[in-house]
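To start, the structure under review is shown below, and the notes come after it.
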Amino acid sequence: MIKPDGVARGLVGEIISRFERKGLRLEKMRMLTIDEELARRHYAEHVEKPFFPELLEFITSGPVVAMQWAGESAISVCRTLMGATNPLQADPGTIRADFGLVVTHNLVHGSDGPESAERELGIFFG
Ligand SMILES: Nc1nc2c(ncn2[C@@H]2O[C@H](COP(=O)(O)OP(=O)(O)OP(=O)(O)O)[C@@H](O)[C@H]2O)c(=O)[nH]1
Ligand SMILES: [Mg+2]
């Protein structure tokens with residue numbers, strides 16, 4: 001998913017391009033604005049964390065682009081291209097390192113395993 005900062009900064013094409021050039025296949029795509037109820041479902045594992053209020057405020061702040069990508073090891077390949085959660089710790093050449101500066105505004109979300117992928121794709125495309 002391209003988060004509100006990625007959309008607002010005009011980086012949708014740049015980000016999609018990186019996944020496409022890697023060889024992954026775009027199967028589904030949807031632009032929407034996440035509301036509080038959806039944010040709480042999507043980020044259920046983080047609702048009790050101290051940073052959740054900031055994450056909630058940010059993720060509902062504007063439109064996002066939700067996508068379903070397929071291909072060899074798609075989940076780990078996507079996370080490699082995204083880089084570490086904190087852009088300051090992400091390797092150069094990753095999306096978060098190249099375009100991000102602070103942890104909240106880290107441009108992209110990727111499912112962290114097959115179960116979360118299934119759950120999250122159900123939320124956005126079910
Ligand atoms: N302010 C703040 N935000 C955090 C912190 N840890 C995580 N976040 C935010 O919460 C999101 C979800 O955290 P994680 O699921 O642990 O990180 P991630 O899997 O790399 O990121 P997502 O793909 O967005 O789920 C991150 O993308 C950050 O935007 C933190 O310590 N402080
Ligand atoms: Mg996560």
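The values are calculated or read from the model by the stated rules, or taken from the named source; none is laboratory data. Everything numeric in this text was worked out from a predicted model, so none of it was measured. We place every Cβ from the backbone using ideal geometry, glycine too, and count neighbours over all the protein chains shown. These area figures cover heavy atoms from the full protein model, side chains too; ligands, DNA and RNA do not enter into them. Shrake-Rupley method; radii C 1.70, N 1.55, O 1.52, S 1.80 Å.
Picking from residues in segment 33-43 that are within 16 Å of ligand 1 (Cβ to nearest atom) and open to solvent by 80 Å² or more (accessible area, probe 1.4 Å), the one that is nearest to Val77 (Cα to Cα) is Arg41.
Glu27 passes every criterion in (1) outside any helix (DSSP H, G or I); (2) within 14 Å of ligand 1 (Cβ to nearest atom) apart from (2). Within segment 44-96, work out how many residues are more than 23 Å from Gly13 (Cα to Cα), part of a helix (DSSP H, G or I) and open to solvent by 80 Å² or more (accessible area, probe 1.4 Å). Matching residues across segment 44-96 total 4. Candidates are the residues of segment 4-48 that are farther than 19 Å from Asp112 by Cβ and small (Gly, Ala, Ser); the one that is nearest to ligand 2 (Cβ to nearest atom) is Ala8. Scanning segment 103-124 for residues that are more than 8 Å from ligand 1 (Cβ to nearest atom), outside any helix (DSSP H, G or I) and surrounded by fewer than 19 Cβ atoms within 10 Å (Cβ to Cβ) yields a single hit, Gly113.
One line per residue, one yes/no per condition, for (1) at pLDDT 95 or above; (2) in contact with a strand residue (DSSP E or B) (Cβ under 6 Å, 6 or more places away or on another chain); (3) away from ligand 1 (no atom under 15 Å from the Cβ); (4) under 17 Å from Val103 (Cα atoms):
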| residue | (1), (2), (3), (4) |
| --- | --- |
| Asp5 | yes, no, no, yes |
| Arg9 | yes, no, yes, yes |
| Val12 | yes, yes, yes, no |
| Ile16 | yes, no, yes, no |
| Gly23 | yes, no, yes, no |
| Met31 | yes, yes, yes, no |
